[in-house]
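The values are calculated or read from the model by the stated rules, or taken from the named source; none is laboratory data. Predicted model, so just to flag it, every value in this text is computed and none were measured. Here Cβ is always computed from backbone atoms with ideal geometry, including for glycine, and neighbour counts include all displayed protein chains.
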Amino acid sequence: MGWFKRNPFFYTILSLLLATTVGGVWYASEGRDELAILKDQYEKKRRQMEMYIARSPAPTKANMEALDRNYARLIEEFESVQSSLNLNTYDRGLFFGQVPESHNEAFFMIAKYVEDVRSMAIGSGVKFPEECRYGFSEYENVGPDSEMVERVHRQSRIMESLLLALFDSGISEFVSIKRESSIEGNAVNGEGGDLFNLENDRSIGLTDAFESLAFQLEFKGQSLSLRNFLNRVNRSSLPFSINEIEVRLEGESGLDGNRSAILDNPFARPSETERPMSAVRVPIIAENESFFVITLEFWDLVGGPTTAVVGNSGEGRSGVQI
C-alpha cells in the first residue's frame, strides 16, 4: 500500500475510473438486451403497417386515378354484357325525350298525345269511342301530380308507339288501352277505368335488376290483325314482353251454349232437340271478327346505360318505331 500512500490522489482517481468503466460495461450489456427487444418490436410494427397499407391504400391521387380507370373498365364490360342480352336496343333519351317540368306542362303533353293518337286512328280508318282519351281520362281537365309527371310521361311515349303499331296492323275497331296502376288495388281510377293491376305472379319485373310498366290493349279485328301486331312487337327494338292474350267471342253469331258445345266436341252429332237450332251454329273457323285483349310489359335494366342502337327516327313520333 506504499504506492497508494506516496500518491493517494492519483490512485483514487484511477480507482474511480475503473469502477466507472466496470459500471458502464454492465449498463451497456443491459441496454443491449433492451435494444434487441425494442428492435424486434419495431420490426413487428413495421410489418403490420405494411400489411395495413397493402389492404387499404391511402386515398392518394395515384390511387384515385387507378380507381377511375378500373371503374371505366367495369362500365365498358357492363355495357358489352348488356348489349349481348339485347335488353336495350334503343336510345332512351331519343325515345322518351324531355320530361315536363310541371303538371301544367304535363297536361298539355297529354292533350297533344290524345290529338296525335286520334289523328293516327282516323288516318288508319280505325273506329274508336267518340270521347276516348286513350288511357288518360283522369287527366282530361287537370294534369298529373308532380310526383307522377315522370311516370305519366314515360307511359304516354310507350303507349303512343304501341297504338301506332296497333293502328297499322289492320284492326277494325279500337276499344281501350289501360295503364298499370302505381298503387296496388287502385285498378278503376279515372272516368274510363284507364288503370289496371297486374298480378304479381305474372309480372317479370319483380326484381331489383328490372323495372317494368304494364299496359293492356283491347281491340276488335280478325286473327290476321292480331298476328300482324304481335309480329311488330316481337321485331321491335323496344323491350316489350307479351304477358297474356285473351280472346272474347261475344261478338260472334250463335248462342253461347251451342257455340261452347261445338267448341268442346266439333264432331258430335246433334240431338233431335238441337236440330231446330242448327241454323245458328258457328263454324269451327269463324270468318267474323273477335275482340282481343293483350297485356304486355315494357321492361328495362335499372340504371342501365342510356345509349344503344337507335331505331328509325324518321318514322313514329317517339323516335323509335315498333
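Hey, does segment 128-135 have a residue that's closer than 30 Å to residue 199 by Cα and at pLDDT below 90? Break it down stepwise before answering.
Keep residues of segment 128-135 that are closer than 30 Å to residue 199 by Cα, which gives 128-129, 131-135.
Still in the list and also at pLDDT below 90: 131.
Yes, segment 128-135 has at least one match.
Among (1) farther than 24 Å from residue 289 by Cα; (2) at pLDDT 85 or above; (3) under 22 Å from the mean Cα position of the chain (by Cα); (4) surrounded by fewer than 20 Cβ atoms within 10 Å (Cβ to Cβ), there is one condition residue 149 misses while meeting the rest; what is its number?
The failed condition is (4).
Which residue out of 212, 203, 236 is of a type in the set (S, T, N, Q), touching a helix residue (DSSP H, G or I) at 6+ places or on another chain (Cβ under 9 Å) and at pLDDT 55 or above? If you could, list the steps in order and put the result at the bottom.
Values: 212 fails: touching a helix residue (DSSP H, G or I) at 6+ places or on another chain (Cβ under 9 Å); 203 fails: touching a helix residue (DSSP H, G or I) at 6+ places or on another chain (Cβ under 9 Å).
Answer to the check: 236.
Could we say that residue 224 is at pLDDT 70 or above and either farther than 27 Å from residue 144 by Cβ or in contact with a Pro (Cβ under 8 Å, 6 or more places away or on another chain) (or both) here? Break it down stepwise before answering.
Numbers: at pLDDT 70 or above: yes; either farther than 27 Å from residue 144 by Cβ or in contact with a Pro (Cβ under 8 Å, 6 or more places away or on another chain) (or both): yes.
Yes, satisfied.
Would you confirm whether or not segment 8-20 contains a residue that is within 30 Å of residue 155 (Cβ to Cβ), small (Gly, Ala, Ser), at pLDDT 75 or above and not in a loop (DSSP other than H, G, I, E, B)?
Within segment 8-20, the subset within 30 Å of residue 155 (Cβ to Cβ) is none.
For segment 8-20, residues within 30 Å of residue 155 (Cβ to Cβ), small (Gly, Ala, Ser), at pLDDT 75 or above and not in a loop (DSSP other than H, G, I, E, B): absent.
Out of the residues in segment 73-112 meeting the condition of being among the aromatic types (Phe, Trp, Tyr) and either at pLDDT 75 or above or loosely packed, with under 11 Cβ neighbours inside 10 Å (or both), tell me which one is farthest from residue 147 (Cα to Cα).
Initial filter on segment 73-112 (among the aromatic types (Phe, Trp, Tyr)): 78, 90, 95-96, 107-108.
Filter again for either at pLDDT 75 or above or loosely packed, with under 11 Cβ neighbours inside 10 Å (or both), leaving 78, 95-96, 107-108.
Numbers: 78: 31, 95: 21, 96: 17, 107: 14, 108: 17 Å.
Once the filter is applied, the top-ranked residue is 78.
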